[in-house]
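The values are calculated or read from the model by the stated rules, or taken from the named source; none is laboratory data. Since the structure is predicted, the reported quantities are computational estimates derived from the model, not experimental observations. For neighbour counting, all protein chains shown are included, and Cβ atoms are generated from backbone atoms with ideal geometry for every residue, glycine included.
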Amino acid sequence: MNKPLKILLSVLAGIDVTINIFTPIILVAIWISLAGTDSVLDLLFFGLGLLATIFRAIKIGWLKNGR
């Protein structure tokens with residue numbers, strides 16, 4: 001495989017990982033901008049989005065270490 005193709009695939013993989021990690025945060029941000037933070041349920045959604053992001057980041061870290 002030639003060098004430009006490896007660079008392109010590396011950039012695409014980085015974009016994929018970034019989108020995969022930040023998707024829950026983006027969804028929660030959209031939810032809060034539409035509904036606000038009036039109830040405890042909204043804050044629960046925010047917490048779940050953050051926990052999902054942390055879980056995805058840890059999962060990707062384990063994949064990087066070869067597990």
Return yes or no: is residue 42 of a type outside the set (Phe, Trp, Tyr), on the phi < 0 side of the Ramachandran plot, over 16 Å from the mean Cα position of the chain (by Cα) and surrounded by 13 or more Cβ atoms within 10 Å (Cβ to Cβ)? yes
Suppose the filter is surrounded by 12 or more Cβ atoms within 10 Å (Cβ to Cβ) and within 9 Å of the chain's Cα centre (by Cα); does residue 28 pass it? no
Within segment 1-43, which residues are under 15 Å from residue 56 (Cα atoms) and either of a type in the set (Ser, Thr, Tyr) or touching a strand residue (DSSP E or B) at 6+ places or on another chain (Cβ under 7 Å) (or both)? 18, 23
Just to check your reading of the model, which residue among 61, 14 is assigned to a helix (DSSP H, G or I) and at pLDDT 80 or above? 14
